[in-house]
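Here the structure is laid out as C-alpha cells; the discussion comes afterwards.
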Amino acid sequence: MAGVNVPKEFSVKPIFNKQYLLDGELKEWKGATTDVYSVIKTEDGQNNLGPTFLGSIPDMGEKVAVEAINAANKAYNRGKGEWPTMSVSERLKHMIQFVEKMKLHREEIVKLLMWEICKNKSDSYKEFDRTIEYIVDTIEAYKNLDRKGAKFENQEGVLAHIRRGPLGVVLCLGPYNYPLNETFCLLIPALIMGNTAVFKPAKHGVLLITPLLNAFQESFPPGVVNILFGRGRNIAAPIMKTGMVDVLALIGHSSSAVSLQDLHPNKNRLRLVLGLEAKNPAIILPDADLTHAVKECISGTLSFNGQRCTALKVLYVHESIVNEFNELFSRTVDQLTFGMPWENTFLTPLPETNKPQYIQDLIQDALQNGAKIMNKKGGSLSDNYSFPAVMYPVNKKMRLFHEEQFGPIIPIIPFNDIELPLNDMATSDYGQQVSLFGQNEKHLGPLIDALANLVCRVNLNSSCQRGPDVYPFTGRKNSAVGTLSVYDALRSFSIRTFVATKDSSENKEILKNLLASKSSNFITTEYLL
Ligand code: G3H
C-alpha cells in the first residue's frame with residue numbers, strides 16, 4: 001500500500017505518555033518506554049514511507065505492578081476502605097463525575113481508535129457512544145438493584161437485610177478489538193459495586209486510554225483504580241502471583257486466562273469474569289431467504305474485518321442451496337470496499353502486523369487440503385491487508401476448521417444432514433452463539449431447542465452480536481465464564497451478603513436505631529431516586 005493522504009481533521013500528533021495512575025497520583029514513569037505505531041503507512045516528513053508513529057507508552061514491570069496491586073488492596077482495606085463502605089448514592093456521584101469528564105474526550109479517543117486499531121469512523125464513534133451509554137445504563141441498573149435491597153425480610157423468625165457487596169480487588173484486562181468498550185464493560189461495573197481495580201489497557205488501542213487518566217484520577221478516591229502500561233506477562237503475571245486478586249476480569253484468549261489463573265496461589269479466592277474466543281457458526285437451511293442470509297452473513301463474518309469474538313467464523317450451508325449461496329456471497333464480498341478508517345469503508349487495515357500472513361497461511365493450508373478460493377479478490381495481499389477469502393469446501397483436516405481466525409477469511413461447509421453442524425458444535429471447544437437461517441417453524445422449532453443447549457444465544461435469521469448491552473452476553477465451554485450485560489455484570493462483580501437477626505423486640509429496636517441514625521451505609525432502606 002502506498003502512503004495515504006490524511007485529511008487534516010484526522011491527522012494525529014504523537015503522544016509521549018509517561019503518566020500512570022497509582023494510589024490516586026498521576027506519576028511519571030522514568031523507565032523504558034515502548035513506541036506505538038499504526039500499521040497505516042504515511043510519510044515521516046523526510047520522504048520515508050512507513051508505519052505511522054503514534055507515540056510511546058511506559059514499559060512497566062514487576063515492581064510497579066506489585067505497587068499497584070498493593071494500592072488497590074490498601075484502598076479496599078479488607079472491605080473497610082472508603083470506597084467499598086461508601087453509600088451507593090455517593091459511589092454513583094463519583095461515577096457520574098467520571099462519565100461527564102469522559103464525554104469531553106470523544107473526538108480524541110475516536111481518532112485514536114481509527115489509528116491504533118483501524119476501526120472505521122462510524123464504528124469508532126459507535127464504540128465510544130455505546131460505552132457512554134453503557135456507563136449511564138449501569139448507573140441506572142445499580143439504582144434498581146439497590147432499591148430491591150432497601151428492605152427487610154422476615155422468614156422463620158429471622159429478619160434479614162440482603163444486599164450485594166463487592167468482591168475485593170479486580171485485575172482488569174481488555175481486548176484490542178474493543179479497547180474502550182469491552183474493557184470499560186468490565187471496569188465500570190467492577191468499580192461501581194465497590195471493588196477496587198488495577199487496569200492494564202490492551203496491546204493495541206492503548207494510547208486512547210491516556211486522555212482519560214486525569215478523569216480517573218479526579219473522579220475516584222486514591223487506589224480505587226490504578227492504571228498501568230506494558231506487556232501482560234510483565235504486569236499481570238506478577239500481580240496474580242501476589243494472591244491479592246479476588247476477581248480476574250479479562251476479555252481475551254482462554255490460554256491467557258488459564259495461565260493467569262494458574263499463577264494465583266489461592267484459586268478458590270479467585271472469581272473469574274471472562275469473555276473468551278468463539279467460533280460462532282451460521283446454519284443456512286434449504287428454505288432460507290438467501291439474499292437476506294447473505295446480507296447478514298456478510299456483516300456477521302466481516303464487520304471490523306472479522307475481528308470480533310461474536311463474528312460468524314464458519315458457515316454451514318445446505319447442499320441444495322450451497323452453489324447459489326456461494327455465488328451470491330462471493331460476489332458480494334468482492335464488492336466490499338477497502339480503505340482508511342476515516343474513509344468509513346467496510347474493510348480497513350488489520351492492526352496486527354502478523355495477521356495478513358496468518359490469513360495467508362490459513363488459505364494455503366485450506367488449499368492444500370482441498371478447498372478453493374471462491375471469490376476473485378480472495379486472499380489478495382497488500383501491506384497490511386489480506387482481502388477476505390471465501391473458502392469452500394472446508395473440512396476437519398484444515399486449520400481453518402479448528403482455529404478462531406479472527407480476521408478476513410470465511411470457511412463454508414456444505415451439509416445435507418443437520419446432525420453434521422450439530423455434532424461439530426457439540427464437539428467444539430466453544431459455545432457462544434449461532435445464527436440460524438430458515439423459515440419453516442416445524443424445522444426451526446426442534447433445532448432451536450437443541451441449539452439453545454449448545455450455545456447461549458440463537459440468532460434467528462440474524463447475525464451474531466453482543467448487543468443490545470442489556471441482553472446477557474456469555475458462552476459455554478472455552479467461550480466465557482460468567483455473564484455480562486448491564487444488569488448481569490453488576491451481579492458478576494458482587495456477591496450476596498446480608499445482615500440477619502432473630503426477630504425479637506430488642507433486635508428490632510436496634511435495627512430501627514441503625515436506620516434512624518444512618519450509622520451504617522449497608523443497613524439502609526433509602527430509596528435511590
Ligand atoms: O469481540 C467481541 C465483542 O463482544 C463483540 O461485540 O457483537 O457488539 O461486535 P459486538
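The values are calculated or read from the model by the stated rules, or taken from the named source; none is laboratory data. Small disclaimer: the values here were computed from a predicted structure and weren't measured. So basically every Cβ, Gly included, is an ideal-geometry build from the backbone, and we count neighbours across all protein chains shown.
Name the single residue, out of those in the stretch 306-322 being within 12 Å of the ligand (Cβ to nearest atom) and of a type outside the set (Lys, Arg), that is nearest to Phe437 (Cα to Cα). Filtering the stretch 306-322 for residues that are within 12 Å of the ligand (Cβ to nearest atom) and of a type outside the set (Lys, Arg), the one nearest to Phe437 (Cα to Cα) comes out as Leu312. Scanning the stretch 217-241 for residues that are hydrophobic (A, V, I, L, M, F, W, C) and touching a helix residue (DSSP H, G or I) at 6+ places or on another chain (Cβ under 7 Å) returns Phe220, Val224, Val225, Ile227, Leu228, Ile235, Ala236, Ala237, Ile239, Met240.
I'd like to know if the stretch 85-107 contains one or more residues that are within 16 Å of the ligand (Cβ to nearest atom), under 28 Å from Arg231 (Cβ atoms), at pLDDT 95 or above and not aliphatic (A, V, I, L, M). Within the stretch 85-107, none of the residues are within 16 Å of the ligand (Cβ to nearest atom), under 28 Å from Arg231 (Cβ atoms), at pLDDT 95 or above and not aliphatic (A, V, I, L, M).
Matching residues to (1) touching a strand residue (DSSP E or B) at 6+ places or on another chain (Cβ under 7 Å); (2) more than 20 Å from Arg491 (Cα to Cα):
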site	(1), (2)
Gly174	yes, no
Gly205	no, yes
Phe216	yes, yes
Leu228	yes, yes
Ala237	no, yes
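Within the stretch 287-304, the set of residues being within 16 Å of the ligand (Cβ to nearest atom) and free of Cβ contacts under 8 Å to residues at least 60 places away in the same chain comprises just one member, Ile298.
Does Thr210 qualify as being within 19 Å of Ala65 (Cβ to Cβ), of a type in the set (Ser, Thr, Tyr), surrounded by fewer than 24 Cβ atoms within 10 Å (Cβ to Cβ) and more than 16 Å from the ligand (Cβ to nearest atom)?
Numbers: within 19 Å of Ala65 (Cβ to Cβ): yes; of a type in the set (Ser, Thr, Tyr): yes; surrounded by fewer than 24 Cβ atoms within 10 Å (Cβ to Cβ): yes; more than 16 Å from the ligand (Cβ to nearest atom): yes.
Yes: the conditions hold for Thr210.
Of the residues making up the stretch 475-499, those that are assigned to a loop (DSSP other than H, G, I, E, B) and within 11 Å of the ligand (Cβ to nearest atom) number 2.
Restrict the check to the stretch 124-137 and report whether at least one residue is closer than 18 Å to Asn226 by Cα, within 24 Å of the chain's Cα centre (by Cα) and of a type in the set (Lys, Arg).
Pass one, the stretch 124-137, residues closer than 18 Å to Asn226 by Cα: none.
No, because not a single residue in the stretch 124-137 is closer than 18 Å to Asn226 by Cα, within 24 Å of the chain's Cα centre (by Cα) and of a type in the set (Lys, Arg).
Yes/no per residue for (1) under 25 Å from Tyr487 (Cα atoms); (2) buried (at least 22 other Cβ atoms within 10 Å of the Cβ); (3) among the acidic types (Asp, Glu):
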position	(1), (2), (3)
Ile188	yes, yes, no
Ile192	yes, yes, no
Phe199	yes, yes, no
His204	no, no, no
Gln217	no, no, no
Pro238	no, no, no
Met244	no, no, no
Leu248	yes, yes, no
His253	yes, no, no
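When the residues of the stretch 111-170 are filtered to those that are away from the ligand (no atom under 16 Å from the Cβ) and small (Gly, Ala, Ser), which remaining residue is surrounded by the fewest Cβ atoms within 10 Å (Cβ to Cβ)? Among residues in the stretch 111-170 that are away from the ligand (no atom under 16 Å from the Cβ) and small (Gly, Ala, Ser), the one surrounded by the fewest Cβ atoms within 10 Å (Cβ to Cβ) is Gly157.
Residues to consider are Thr310, Thr301; find the one that is farther than 17 Å from Ser38 by Cα, assigned to a loop (DSSP other than H, G, I, E, B) and under 20 Å from the mean Cα position of the chain (by Cα). Don't jump to the end; show me each part of the working.
Numbers: Thr301 fails: assigned to a loop (DSSP other than H, G, I, E, B).
After ruling out the rest, the residue left standing is Thr310.
Consider the stretch 449-476 and keep the residues that are within 21 Å of Leu290 (Cβ to Cβ) and hydroxyl-bearing (Ser, Thr, Tyr). The one that is surrounded by the most Cβ atoms within 10 Å (Cβ to Cβ) is Ser463.
Scanning the stretch 142-167 for residues that are over 16 Å from Met86 (Cβ atoms) and part of a helix (DSSP H, G or I) yields Asn144, Arg147, Lys148. Out of Asn305, Asn344, Asn323, one residue alone is among the polar types (S, T, N, Q), over 18 Å from His402 (Cβ atoms) and touching a Gly at 6+ places or on another chain (Cβ under 9 Å). It is Asn305. When the stretch 290-320 is filtered for residues that are out of contact with any strand residue (DSSP E or B) (no Cβ under 7 Å at 6 or more places or on another chain) and among the β-branched types (Val, Ile, Thr), the ones remaining, listed by number, are Thr291, Val294, Ile298. Applying the condition of being within 11 Å of the ligand (Cβ to nearest atom) and not aromatic (Phe, Trp, Tyr) to the stretch 459-473 and asking which residue is farthest from Arg491 (Cα to Cα) yields Ser463.
Only residues that are away from the ligand (no atom under 16 Å from the Cβ) and more than 30 Å from Leu248 (Cα to Cα): list them for the stretch 262-286, please. First the steps, then the outcome.
In the first step, residues of the stretch 262-286 are kept if they are away from the ligand (no atom under 16 Å from the Cβ); the result is 262-272, 283-286.
Answer for the stretch 262-286, where residues must be away from the ligand (no atom under 16 Å from the Cβ) and more than 30 Å from Leu248 (Cα to Cα): Ile283, Ile284, Leu285, Pro286.
Pairing each residue of the stretch 461-482 that is within 19 Å of Leu270 (Cα to Cα) with any residue that is among the aromatic types (Phe, Trp, Tyr) and surrounded by 21 or more Cβ atoms within 10 Å (Cβ to Cβ), provided the two are 6+ apart or on different chains, yields C-beta distances under 8 Å for Lys477/Tyr430; Asn478/Tyr430; Ser479/Tyr430; Ala480/Phe473.
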